[in-house]
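The values are calculated or read from the model by the stated rules, or taken from the named source; none is laboratory data. Everything numeric in this text was worked out from a predicted model, so none of it was measured. Ideal geometry is used to build each Cβ from the backbone, glycine not excepted, and the neighbour counts take in all protein chains shown.
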Amino acid sequence: MRIREILTACINGKRITRDEGLQLSLEADILELGEAAYEVRFQKNQQPFVTYVVDTNPNYSNICTIECSFCAFYKRKGETGAFTLSVEELITSFKHAAERGVTTVLLQGGVHPDLPFEYYLELIERTRKEVPHIVPHFFSPPEILGIAQTSGLSVEEVLQKFWYAGLRTLPGGGAEILSDRVRLKISSKKGSSNDWLMVMRIAHRIGYRTTATMMFGHFEEWEDIINHLEAIRILQDETNGFMAFIPWSFKPSNTPLEKVIPYHATPLKYLRILALARLYLDNVPHIQTSWFSEGKKIGQIGLYFGADDFGGTIFEENVHAAAQYYNKATVDECRRLIREAGFIPAQRNTLYNILSIDK
Ligand code: SF4
């Protein structure tokens, strides 16, 4: 099928096939792709609002047994610079964050070898009780798998206990590329694509809402990217648990992979992926553009390539920072960036419900 026919089919609400997605990824003109994604974005979300969340992304520990080659953040237990914060320290930092207006704490660590299960449980329970204005958005699927392993519980038992403690959403980190060929090269100890999908499937069935992510710009081919989108779309058909899709690019500095891949993916690749995601993931409500990971200008341009969410304010961040990638913005600046791009900023919560709309 010719590219124009595929794009018209998307705009007319027809689901594209895997082969059509691949054809778009390889052959479509970037501006035509963006234009179609922009139109589909407005079919899904007719308001001229672009949402953002006031959030922060601290880490409870950087100790990790997985040793991903793309990661500059982790340390082995006992290594200089390794840390694990106490529950008390985390609660204190959440209280400070709440005073700054934070509504979401996206908390991740490494995959820790021996933190007791009670640590995680107490953290969720105390956050709910002592910092009620904050929604805990804690623990990506690889961490859930690690917690299941160290606690001797099943993934379902871990997620059930966390649910009863008050956790309702999970961040979609650790998906990287849902292609085992690629995962073997960048994170061979992290579990398979099916492991990530299995955690999400169980979480969604319990009632959790989650995001889905993708980290590109290393060994993946376009076919891997389309396979990733296909896996998300299939699971979403089954569970409807994904709230948003969030791609970001690999940051090489200080990572073991830097020697092999010393460069960032291009902004054009990022925009192509955003647009493809909007067209392919016809069942995922939101696509997020990231001022934080791709730069403020590209974040703004992403709003014309299918994204309707501007991500978070991210007051604290350590993972990109470990790779010497820094980007800062205040709440006011995030709102200004959205307005400058031609949209109306709307603050949302973790569940993508709108809290307020700028006048
Ligand atoms: S990306 Fe996550 S799982 Fe991989 S090494 Fe870093 S902290 Fe560990």
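One table, with the values for the structure above:
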{"quantity": "N240 surrounded by fewer than 21 Cβ atoms within 10 Å (Cβ to Cβ), in contact with an Asp or Glu (Cβ under 7 Å, 6 or more places away or on another chain), at pLDDT 95 or above and not hydroxyl-bearing (S, T, Y)", "calculated": "no"}
{"quantity": "Selection status of P247, buried (at least 21 other Cβ atoms within 10 Å of the Cβ) and either assigned to a strand (DSSP E or B) or at positive phi (or both)", "calculated": "yes"}
{"quantity": "The range 186-217, subset surrounded by fewer than 19 Cβ atoms within 10 Å (Cβ to Cβ) and at pLDDT below 95, residue farthest from the ligand (Cβ to nearest atom)", "calculated": "S188"}
{"quantity": "In the range 86-106, the residues that are over 23 Å from the mean Cα position of the chain (by Cα) and over 13 Å from E316 (Cα atoms)", "calculated": "S86, V87, E88, E89, I91, T92, K95, E99"}
{"quantity": "Criterion (surrounded by 16 or more Cβ atoms within 10 Å (Cβ to Cβ) and without any contact (Cβ under 8 Å) to a residue 40 or more places away in the chain) met by exactly one of A82, A9", "calculated": "A9"}
{"quantity": "Scope the range 41-58; condition surrounded by fewer than 20 Cβ atoms within 10 Å (Cβ to Cβ) and either near the ligand (Cβ under 9 Å from one of its atoms) or of a type outside the set (K, R) (or both); matching residues", "calculated": "F42, Q43, N45, Q46, Q47, P48, F49, P58"}
{"quantity": "Residue match in the range 130-139 (condition: crowded, with 21+ Cβ neighbours inside 10 Å, within 16 Å of the ligand (Cβ to nearest atom), modelled with pLDDT of 95 or more and at positive phi)", "calculated": "yes"}
{"quantity": "Residue in the range 66-73 that is within 15 Å of the ligand (Cβ to nearest atom) and under 25 Å from R335 (Cβ atoms) present", "calculated": "no"}
{"quantity": "Conditions (1) more than 21 Å from T266 (Cα to Cα); (2) buried (at least 21 other Cβ atoms within 10 Å of the Cβ); (3) without any contact (Cβ under 8 Å) to a residue 24 or more places away in the chain: number failed by C334", "calculated": "(3)"}
